[in-house]
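To keep things clear, I will list the structure first and then write my remarks on it.
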């Protein structure tokens with residue numbers, strides 16, 4: 001694997017699997033400056049004052065004007081224009097800062113969905129793909145909140161297979177308009193949006209095109225609000241386009257470029273969804289910690305019980321690890337953007353190119369963040385006990401609202417498959433050298449294990465060795481699967497899901513370890529005891545999960561001596577020094593209980 005030589009150049013997307021990153025190279029949440037912390041506090045204050053006191057009213061949907069009014073208030077604070085350049089009425093914040101905003105607002109339940117759809121998939125296609133006239137017309141009004149936006153991609157028969165949509169656009173006889181006919185469903189903000197980004201095929205084109213459609217154009221009708229399991233306060237409509245006349249100048253980008261727009265915008269949506277889920281997880285855990293302190297059983301508070309402390313600490317470790325990975329990736333995206341700008345690339349193109357470069361990480365983090373949130377709310381319900389199941393308690397809403405995140409922005413199954421697909425395609429194109437590291441692992445597998453002593457005095461020396469071996473396990477299993485199935489590997493979805501889990505756990509475990517190593521270099525080990533324990537808790541979890549995924553994959557395609565050799569290799573590469581995780585969790589829980597919230 002590359003080490004010192006690799007640090008001389010910027011890391012590529014997906015390269016974490018074959019390259020060792022140094023702690024000083026990563027951005028950690030503790031690096032946020034005072035201005036960024038003030039922005040985060042503005043978001044927290046907004047939720048506290050405007051959203052949390054009105055959650056029941058929002059979810060009731062009795063006042064259809066309420067959500068647009070709340071978005072207006074967010075617009076007055078500048079929260080709708082964080083990604084928008086100053087010359088178009090926004091704040092022009094870097095990607096990392098917009099991630100911080102998304103994280104904090106992620107605790108806003110249905111409002112988080114509405115603002116995310118407006119500022120992300122509703123606004124960004126026009127910002128990144130619109131021509132100058134389109135951007136000048138629409139972006140300032142979207143950044144201020146004067147106009148609200150929605151994104152119309154999904155159809156009844158095209159969900160994950162977005163390019164199979166049947167909505168049609170036909171050029172009018174006078175060639176001044178496209179006439180759009182079709183149906184879209186699950187459209188967030190659909191009920192009150194003024195502007196829709198609509199995907200349709202022109203004539204019999206193979207690929208989608210995209211259009212900027214104003215509600216005022218006419219020819220637009222919609223069903224009643226969908227009745228949903230969760231995010232009940234988010235407007236979700238089916239929308240019908242019946243001879244909707246769209247001026248030809250409202251074609252977004254080039255003809256048949258719609259699918260590319262959808263894919264690239266979803267890259268942004270994925271990582272933003274993941275970090276918003278982290279924000280929701282923090283809020284959920286904080287409520288559970290407080291409740292465990294107040295609730296008495298057998299004469300003492302729930303927080304004193306080891307089983308409850310285990311749950312709180314484990315959830316905290318997952319949140320801490322996921323947060324570490326999200327900001328590591330978002331800084332990589334910012335660094336790539338700055339490099340493209342320095343090379344003379346247009347700002348919008350540079351942003352898209354940077355996000356495309358780290359599309360693998362975006363898919364990984366969408367999966368991880370959403371599943372950490374699911375884990376957090378599930379354990380939150382359990383800590384609350386009977387009150388967790390009651391609609392009178394906060395876990396009811398948290399539990400129901402969380403579930404959509406594993407479906408939004410491409411299901412987690414699709415994102416797992418995409419992770420491996422993108423990785424292998426980059427290898428085939430020569431963008432990533434996976435072949436040589438995989439062959440080196442195969443050679444090591446056939447050799448006598450090295451029992452030589454490493455320098456165990458360095459911080460996290462044993463843990464870093466365990467991480468290197470975890471990556472080797474992923475290379476070993478994926479390399480063998482590619483050799484076995486070749487071009488038919490895409491048909492082996494169960495194996496691909498196993499490989500994705502190994503990749504996800506390796507990336508997140510490395511991210512949290514790097515965060516704590518950097519933090520210790522800044523604050524000293526004694527001041528970072530809880531953070532260190534969380535990193536070790538997560539590392540052990542990651543290795544255990546990766547080992548199980550690897551075993552499942554190996555036994556799916558290998559037999560006889562090959563299977564025995566690979567299982568021995570997997571055991572060798574997923575070995576980790578024993579650690580008293582019970583004590584680690586108790587230390588973490590102690591800090592959580594003293595603070596009365598998730599404090600990191």
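Read-outs throughout are calculated quantities, based only on the coordinates presented, and are distinct from any laboratory measurement. Values in this document were obtained by computation on a predicted structure and should not be read as measured data. All Cβ positions, even for glycine, are placed from backbone atoms using ideal geometry, and neighbour counts span all protein chains on display.
In terms of overall dimensions, the range 445-573 has a Cα radius of gyration and Dmax of 16.7, 52 angstrom. Give the angle, between 0 and 90 degrees and rounded to the nearest 10, that separates the Cα long axis of helix 359-384 from the longest principal axis of the Cα atoms of the chain. It works out to around 80 degrees. Sorted fewest first by neighbouring Cβ atoms within 10 angstrom, 305, 217 come out as 305, 217. Rg ratio for the chain: its Cα radius of gyration over 2.2 N^0.38 Å, N being its residue count, equals 0.98. Once the Cα atoms are used to define both axes, helix 461-485 deviates from the longest principal axis of the chain by about 60 degrees.
Could you work out how much longer the chain between residue 69 and residue 544 gets when fully extended? Use 0.36 nm per residue separation minus the Cα distance between them, nm to one decimal.
Going from the current span to full extension adds 166.2 nm.
Of interest is the spacing of the C-alpha centroids, which for the range 516-541 and the range 284-361 amounts to 15 Å.
Every Cα-Cα pair in the range 150-256 was counted, and those over 20 Å apart are 34% of them. What the Kirkwood sum gives for the range 75-152 is a hydrodynamic radius of 12.3 Å, with every pair of different alpha carbons counted. Per-residue extension of 0.36 nm, minus the Cα-Cα distance of residue 485 and residue 161, leaves a gain of 114.2 nm for this segment. Label-to-label distance for residue 206 and residue 305 is 6.1 nm, based on points extended 7 Å past Cα in the beta-carbon direction.
Under 8 Å for C-alpha pairs, at least 6 residues apart: give me the relative contact order for the range 137-282, rounded to a whole percent.
After rounding, I find 24 percent.
The label point for residue 564 and the one for residue 425, both projected 7 Å from the Cα toward the Cβ, are 4.1 nm apart. For the range 85-208, the fraction of alpha-carbon pairs lying more than 21 Å apart is 48 percent, rounded to a whole number.
Using r as the Cβ-Cβ distance of residue 529 and residue 468, and R0 as 30 Å, what FRET efficiency do you calculate, to the nearest 0.05? The pair residue 529/residue 468 has a calculated efficiency of 0.75.
Only helices enter this figure: runs of n ≥ 4 DSSP H residues, each worth -39500 (n - 2.57), summed and divided by the residues of the chain, yield -18500 deg cm²/dmol at 222 nm to the nearest 500. When you restrict to C-alpha pairs under 8 Å that are six or more residues apart and normalise by the size of the chain, the relative contact order lands at 15 percent.
Shown here are the Rg and Dmax of the Cα trace of the range 554-600, at 19.6, 54 Å.
With a cut-off of 17 Å on the backbone N, the residues of the range 53-87 near the modelled label site 7 Å out from residue 136 along Cα-Cβ are 85-87. With label points built 7 Å along Cα→Cβ from the Cα atoms of residue 345 and residue 221, find their separation and express it in nm. Calculated label separation equals 4.5 nm.
The eigenvalues of the Cα gyration tensor, multiplied by 5 and square-rooted, give the range 316-358 an equivalent ellipsoid with semi-axes of 27, 8, 6 Å from largest to smallest.
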